[in-house]
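S.K.: Input: one structure, supplied below.
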Amino acid sequence: MPCSDRTGCRVPEYHVVADRAEFESAARTLASGTGPVAVDVERASGFRYSQRAYLVQVYRRDAGAFLFDPPAIGDMGALQDAIGDEQWILHAASQDLPSLRELDLNPPSIFDTELAARLLGLPRVGLAAVIEHYLGISLAKEHSAVDWSTRPLPEPWLRYAALDVEVLTEVRNLMGADLAAQ
């Protein structure tokens, strides 16, 4: 796999969660993590007539990254219980919140890295541009518009999805410092 990370290849570690037993275990692990929770949603809106979530990515320090398959899991209530009291970090929250709400996943507070980028006056506010600006990592975004309803999901798509949330906490912290300075 070619490396597009200028700081050295960053390969995310993650767990794919596609059944109830794995889901309950993952929720407990996320509940024991620390700090805010990075959340992202992958849809198949270019292929399906809905905003349904086909993959929900969640990362929390001391817990790791989990890629949840909502159609296979069903009720996501245990995830809401596990992370529902923490701040959620999203990029372009207005795009993901409707899909999350369909799953009864509702953040108590949000840090939106896209909105922060706009407030900071960054010239480009897409996730890849923000991550490159703050971390020097060039994300490969070729999987952003694929059909996420496909099963099984290919490994490169899963790596892409995991990296999207793995770096959000770090970016949030740096953006928060810049916002405070302004």
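The values are calculated or read from the model by the stated rules, or taken from the named source; none is laboratory data. Computed from a predicted model, the values in this text were never measured in an experiment. As a convention, Cβ positions derive from the backbone with ideal geometry for all residues, glycine included, and neighbour counts pool all protein chains shown. Surface areas here come from the heavy atoms of the whole protein model, side chains and all, with no ligands, DNA or RNA. Shrake-Rupley method; radii C 1.70, N 1.55, O 1.52, S 1.80 Å.
S.K.: Checking S138 against (1) at pLDDT 95 or above; (2) within 18 Å of E170 (Cβ to Cβ), only one condition comes out false. Which one?
M.R.: Unmet for S138, out of (1) at pLDDT 95 or above; (2) within 18 Å of E170 (Cβ to Cβ): (1).
S.K.: Against the definition (in contact with a helix residue (DSSP H, G or I) (Cβ under 8 Å, 6 or more places away or on another chain), small (G, A, S) and open to solvent by 20 Å² or more (accessible area, probe 1.4 Å)), how does G77 come out, yes or no?
M.R.: no
S.K.: Report every pair of residues separated by at least 6 positions or lying on different chains whose Cβ atoms are under 7 Å apart, first residue within the range 84-102 and within 16 Å of E166 (Cα to Cα), second of a type in the set (F, W, Y) and at pLDDT 95 or above.
M.R.: Q87/F111; I89/F111
S.K.: Quick check: is even one residue across the range 162-172 farther than 23 Å from W88 by Cα and of a type in the set (S, T, N, Q)?
M.R.: no
S.K.: While we're looking at this one, here's another question. Are there any pairs, at least 6 apart or on different chains, whose C-beta atoms fall under 8 Å, with the first in the range 117-129 and exposed (fewer than 15 other Cβ atoms within 10 Å of the Cβ) and the second assigned to a loop (DSSP other than H, G, I, E, B), and if so, which?
M.R.: Note: pairs meeting the criteria are R118/V125; L119/Q182.
S.K.: Look at the range 152-174 and say how many of its residues are surrounded by fewer than 19 Cβ atoms within 10 Å (Cβ to Cβ) and free of Cβ contacts under 8 Å to residues at least 60 places away in the same chain.
M.R.: The total comes to 6.
S.K.: What do you reckon, is I89 farther than 17 Å from E170 by Cα and open to solvent by less than 10 Å² (accessible area, probe 1.4 Å)?
M.R.: For I89, the condition - farther than 17 Å from E170 by Cα and open to solvent by less than 10 Å² (accessible area, probe 1.4 Å) - is not met.
S.K.: Still on this model: Only one residue in E22, E13 is at pLDDT 95 or above and either open to solvent by less than 30 Å² (accessible area, probe 1.4 Å) or farther than 21 Å from A145 by Cα (or both). Which one?
M.R.: E22
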